[in-house]
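Here the structure comes first, spelled out in structure tokens, and everything after it is commentary.
The values are calculated or read from the model by the stated rules, or taken from the named source; none is laboratory data. Remember, predicted model here, so these are calculated numbers, not experimental data. Here the Cβ positions follow ideal geometry from the backbone for every residue, glycine too, while neighbour counts run over all protein chains shown. These accessible areas exclude ligands, DNA and RNA; they are computed on the full protein's heavy atoms, side chains included. Shrake-Rupley method; radii C 1.70, N 1.55, O 1.52, S 1.80 Å.
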Amino acid sequence: MPERTLVAPDDLRAFAAALLEKGGLSAEHAATTADVFVWAARRGVESHGIARVPPYLGLLAKGVANAAPT
């Protein structure tokens, strides 16, 4: 079984938000999205948790996800 590294929720939230902002989201949207991902992960819903960051970054890079919704 792969080894797991535990990361404090606030640190994980900040890291995910930084990645999402670098991917094109506004700081506000990146923070909200990261908060939801960490919230889901902390409740054991891995499919909708922090594991979603890489796919979201891919969608943003391809222009499939709207980085600047109105």
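Details
- Within the accessible area of the chain (1.4 Å probe), percent carbon and sulfur: 59 percent
- Considering only A67, A16, A31, the residue lying farthest towards the positive end of the dipole of the chain is A67, judged by Cα position with unit charges set on Cβ.
- Of G49, G24, G58, the one that fluctuates the most in a GNM where the chain has Cα springs shorter than 10 Å: G58
- Average accessible area per residue (Å²) across the chain - probe 1.4 Å, nucleic acids and ligands excluded: 73 Å²
- Karplus (6.51, -1.76, 1.60) ³J(HN,Hα), θ = phi - 60°, over segment 4-20, in Hz, Gly and Pro reported as x: 10, 10, 8, 10, 4, x, 5, 5, 5, 4, 5, 5, 4, 5, 5, 5, 5
- Loop-located trypsin sites (Lys or Arg not before Pro) in the chain (DSSP state other than H, G, I, E, B) with a sparse environment of at most 11 neighbouring Cβ atoms within 10 Å: R4, R43.
- Qualifying GluC sites (Glu not before Pro) in the chain, where qualification requires a DSSP coil assignment and no more than 12 other C-beta atoms within 10 Å, comprise E3.
- Amide H contacts of A65 (H built 1.01 Å from N, in plane; Pro and chain starts excluded): L60 sit under 5 Å, all sequence-distant by 5 or more or on other chains.
- Theoretical ellipticity at 222 nm over the chain - DSSP helices of four or more residues, -39500 (n - 2.57) apiece, nearest 500: -18000 deg cm²/dmol
- Where Rh is the Kirkwood radius over Cα pairs, Rg/Rh for the chain: 0.99
- Phi angles across segment 35-50 convert, under the Karplus curve 6.51 cos²θ - 1.76 cosθ + 1.60 with θ = phi - 60°, into 3J(HN,Hα) values of 4, 5, 4, 5, 4, 5, 4, 5, 9, x, 9, 4, 5, 10, x, 4 Hz, Gly and Pro given as x.
- Each label was represented as a point 7 Å from its Cα along the Cα-to-Cβ direction; for E28 and N66 these points are 1.5 nm apart.
- Mean Cα-pair separation over length for the chain, i.e. relative contact order, pairs under 8 Å, 6 or more apart, %: 28 percent
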